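Here is the structure we will look at, set down as structure tokens.
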Amino acid sequence: MIAHDNGLFRLTTRTASYWFRATAFRHLEHIYYGPRLPDDQPAEPLLLKRTAVIGGSVLYDQSDPTYCLDTLCLEWSGIGKGDYRETPAELKMPDGTFTADFRYQSHTVHAGAEAMEGMPAAQGDEADCDTLLLTLLDESNAVTLTLIYTVYPKTDMIARRAVLHNGNEAPLTIRRLLSLMVDMPNDGYRLITLDGGWIKEAHAHERTVTYGVHVNGSTTGDSSNRHNPGFVLAAAGTTETAGVAYGFNLLYSGNHYGAVELSNHDIVRVALGINPHCFEWRLLQGERFETPQAVMCCAPDGLNGLSQRFHAFVNAHVVRGDWRGRERPVVLNNWEAHFFRFTRGKLLRLARRARRLGAELFVLDDGWFVGRDSDTAGLGDYAVNRRKLPRGLSEFARRIHSMGMMFGLWFEPEMVNENSDLYRTHPEWALRTPGKAPAMGRNQLVLDLTNPAVREYIVLQVTLILDTCAIDYVKWDYNRHISDACSPCLPSQGEFYHRYILGLYDVLSRIFRSRPHILMESCSSGGNRFDLGMLCFSPQIWASDNTDPIERLAIQGGLSLLYPLSSMGAHVSEAPHQQTLRDTPLATRFHVAAFGCLGYELDLKYLSPVERREVARQIAFYKRYRRVFQYGSFWRGEAGKANKTVWHCVAGDRRTAVTLLCQSQAAASEGFDRLRLAGLDPACRYSVQTRPQSLFLKRFGGLLKHVMPISLNPDGWLLRLLNRRYCLTDCVERYEGCGAALMGGVMLANQFMGTGYNPRTRLLGDYGSNLYVTTETQSGAAANQ
């Protein structure tokens, strides 16, 4: 809801209020952003007071000695009028100066979202959201700034962006124009960012907001695995379940810039948008520039509450097409099984095994086109390798479909190898700096997506394959950062990075908007481009090339702050893992991957019969609870121990929940484990039961001789044979109680204490885990009768 009365703007969502006003000098003063206030609450108690002159102030107008922009809470600011904090706009104005003074002129409000040109934005019809357009004017330069606010009440989200229009005969140069800026009084905030690199993406890092500017940005040409665009501000004392938390994110896939500044008068400024790194954009008279859309949310019920709001928003308003709200299929991807070394026969045998185990989508990864026998050649060419697929790709797709599975295919259309027909024909299509050798990454160069001819080539080549081979799924890869950011197609290289992303969005729109049935999964050496912009085209994103479940706890857990589980590609792979050499149990690999879009990425022929039975049970279990995993309410539990991680997914009706308890490393004779469930109805009665899981004999090694009547070689043929056919079942616990009691904590059975095995002892060890299924047995109303 958006209301305006006597210069006061009130934006109201289900649980939050956002207020600002136009001052006497027509600047936009921020008043309040926090838990929802009554509509009749006066603004005066909330206003930052100006009752004394602050020494050293640069006054905006001599008529008011307390009116200094540097000490106001503002919605927008500029350069040259006394505000020396982080600026959302650095503009060389038509008069040749950098002074910009945008002041309120008018506003309009309408139901529904406001369309964007060339960039994706959150969707919403007249029942979903309302939009406020504020017109600000720098009068002496005839330059107009429109601030656009779209309010999504049900998900407590506010979207913001800015549009700059040059009405002057002289040109204007943009060096920085961010999407969002807001000032708030400090509340002991902690800044939480998602940082990392290849195979260690999105680890959550916290620091207290102290004096100065904290920057969270990317200059790699993409949203990057180094610093995700999204970040969180948590007020003092905020936990997963209590306290006020603010989230900020950007619907953009290129260089981003987020800043949090604490001023010397304890005002926190938040700003977010396109990174000004190497950015310069010229506007002639009548031209306009539109920033990407930023989104922000306030949750009064802790970090879990913030995450749940972001998850609901992304699923309802960011993801689009046939796969919005639709359960994702169980994948078998052939990459880690074969790499580049496969034949048609190997693929079909793998697909048949996958189908028998319950997989629903078979994905052929890299290596299917001519010349692609390693990562040194072939990128850019899309002729099918007839040596590997002698009957062609369309015939292979038909065979997969005949097995009852969907068929998916890997592409990396934004890249080219020098050893390719495309590069030999069009070397000018690859990025390079004149007079310098181009910098290589993974033996490849980046194609110039600012060039319309390049975009046309990509669209034609990809759509030809999609339409002739009946492709159901596309893995769209992007395996290096941008260097040599230079295009002969552009008059100003300061436009390159943004023009590249506009070119990418143009390509994706032309390929997938008319093919909404195709499930696209974005990939970028793992999670290098995990952002809301890509989620507008790609309902799920490959979270990381690291499939080690212990590492994935940090990666998927970090991403869960701002992104739903339905958006995270997560696979079970072989152990020891290629990325860490860690040897993890098959059960744990599944348990962690189940909290995402489940897939398997291993050569199934090397699984023993008992392992194949276990995988089939895993897939069946996931399908049964898939809706809960992908679209349930997600909670990060507070495990109470440094070596434990607890996650919960709770169905929307709170009748079913699935909980993960995962142990990183075992401790000798460890104390009790208390499992505190989350999200249940306190008055309902539930049963809680462990998902049965297999314990393979090989894990116990020489210890088996202590429990067998005869002494056997732990590496001998007999035990190897038994290990392929037989296994133990880990401890299965079952409890009943009301939701309040279960959320208070279930005391679990002891772990292994070094004193022997029995069926009531949990045998977790290093990297062990359990899943617990909670099912309602009696409603709250019936329980109270």
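The values are calculated or read from the model by the stated rules, or taken from the named source; none is laboratory data. Here the structure is a predicted model, which is why all the values come from computation and not from measurement. Note that each Cβ is placed from the backbone with ideal geometry, even for glycine, and that neighbours are counted across all protein chains shown. Side chains included, ligands, DNA and RNA excluded: accessible areas come from the protein's heavy atoms. Shrake-Rupley method; radii C 1.70, N 1.55, O 1.52, S 1.80 Å.
Quick notes on this structure:
- Any hit, region 589-601, residues being among the β-branched types (Val, Ile, Thr) and touching a Lys or Arg at 6+ places or on another chain (Cβ under 8 Å): yes
- Test: residue in region 353-370 that is farther than 17 Å from Asp472 by Cα, assigned to a loop (DSSP other than H, G, I, E, B) and more than 29 Å from the chain's Cα centre (by Cα): yes
Yes/no matrix, rows are residues, columns are (1) surrounded by fewer than 18 Cβ atoms within 10 Å (Cβ to Cβ); (2) touching a residue at least 60 places away in the same chain (Cβ under 8 Å); (3) touching a helix residue (DSSP H, G or I) at 6+ places or on another chain (Cβ under 6 Å); (4) under 22 Å from Asp322 (Cβ atoms):
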{"position": "Met406", "(1), (2), (3), (4)": "no, yes, no, yes"}
{"position": "Leu409", "(1), (2), (3), (4)": "no, yes, no, yes"}
{"position": "Thr450", "(1), (2), (3), (4)": "no, no, yes, no"}
{"position": "Asn479", "(1), (2), (3), (4)": "no, yes, no, no"}
{"position": "Ala485", "(1), (2), (3), (4)": "no, yes, yes, no"}
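- When region 60-97 is filtered for residues that are among the aliphatic types (A, V, I, L, M) and open to solvent by 50 Å² or more (accessible area, probe 1.4 Å), only Ile79 remains.
- Residues that are open to solvent by 60 Å² or more (accessible area, probe 1.4 Å) and closer than 18 Å to Arg691 by Cα, drawn from region 729-769: Thr729, Val732, Arg734, Tyr735, Glu736, Met747, Asn750, Asn758, Pro759, Arg760
- Ala337 over 17 Å from the mean Cα position of the chain (by Cα), crowded, with 22+ Cβ neighbours inside 10 Å and not in a strand (DSSP E or B): yes
- Some residue of region 362-382 being under 30 Å from Tyr625 (Cα atoms) and without any contact (Cβ under 8 Å) to a residue 60 or more places away in the chain: yes
- Where strands (runs of 3 or more DSSP E) sit wholly within region 1-96, those with at least 1 residues that are within 38 Å of the chain's Cα centre (by Cα) and under 18 Å from Leu178 (Cβ atoms) occupy 16-22, 28-35, 89-92.
- Filter result (part of a strand (DSSP E or B) and over 17 Å from Arg10 (Cβ atoms)) within region 102-117: Arg103, Gln105, Ser106
- Restricting Asn713, Asn758, Asn723 to those that are polar (S, T, N, Q), under 40 Å from the mean Cα position of the chain (by Cα) and at pLDDT below 95 reduces the list to Asn723.
- Checking each residue in region 272-295 for being over 17 Å from Cys536 (Cβ atoms) and among the charged types (D, E, K, R) picks out Glu280, Arg282, Glu287, Arg288.
- Test: Met534 is closer than 21 Å to Tyr473 by Cα, in contact with a Leu (Cβ under 9 Å, 6 or more places away or on another chain) and free of Cβ contacts under 8 Å to residues at least 40 places away in the same chain: no
- Any hit, region 260-270, residues being within 20 Å of Leu561 (Cβ to Cβ), open to solvent by less than 10 Å² (accessible area, probe 1.4 Å) and touching a Gly at 6+ places or on another chain (Cβ under 7 Å): no
- The residues of region 590-615 that are part of a helix (DSSP H, G or I), of a type outside the set (Ser, Thr, Tyr) and either open to solvent by 10 Å² or more (accessible area, probe 1.4 Å) or more than 30 Å from Val232 (Cα to Cα) (or both), listed by number, are Leu604, Lys605, Pro609, Val610, Glu611, Arg612, Arg613, Glu614, Val615.
- Among the residues examined, Leu535 does not qualify as over 22 Å from Ala202 (Cα atoms) and either crowded, with 23+ Cβ neighbours inside 10 Å or modelled with pLDDT of 95 or more (or both).
- Any hit, region 11-19, residues being farther than 29 Å from His214 by Cα and open to solvent by 40 Å² or more (accessible area, probe 1.4 Å): yes
- Ala587 satisfies every condition listed in (1) closer than 21 Å to His203 by Cβ; (2) buried (at least 23 other Cβ atoms within 10 Å of the Cβ) except (1).
- If only residues of region 462-477 that are of a type in the set (Ser, Thr, Tyr) and either over 17 Å from Pro329 (Cα atoms) or part of a loop (DSSP other than H, G, I, E, B) (or both) are counted, the one that is least open to solvent (accessible area, probe 1.4 Å) is Thr463.
- Residue in region 423-435 that is within 25 Å of Gly526 (Cβ to Cβ) and either of a type in the set (A, V, I, L, M) or in contact with a Gly (Cβ under 9 Å, 6 or more places away or on another chain) (or both) present: yes
- Residue match in region 324-331 (condition: open to solvent by less than 10 Å² (accessible area, probe 1.4 Å), part of a strand (DSSP E or B) and touching a strand residue (DSSP E or B) at 6+ places or on another chain (Cβ under 8 Å)): yes
- Here the strands (runs of 3 or more DSSP E) wholly within region 130-234 that include at least 1 residues being crowded, with 24+ Cβ neighbours inside 10 Å are 130-138, 143-152, 157-166, 172-185, 190-195, 227-234.
- Given (1) assigned to a helix (DSSP H, G or I); (2) buried (at least 17 other Cβ atoms within 10 Å of the Cβ), number of the condition Leu348 does not satisfy: (2)
- So Phe342, is it of a type outside the set (A, V, I, L, M), more than 29 Å from the chain's Cα centre (by Cα) and modelled with pLDDT of 95 or more: yes
- Residue count, region 359-384 (criterion: open to solvent by less than 10 Å² (accessible area, probe 1.4 Å) and on the phi > 0 side of the Ramachandran plot): 3
- Answer residue from region 636-673, given it is of a type in the set (Ser, Thr, Tyr) and more than 17 Å from Ala204 (Cα to Cα) and is least open to solvent (accessible area, probe 1.4 Å) among those: Thr659
- Some residue of region 237-255 being small (Gly, Ala, Ser), within 24 Å of Gly78 (Cα to Cα) and open to solvent by 10 Å² or more (accessible area, probe 1.4 Å): no
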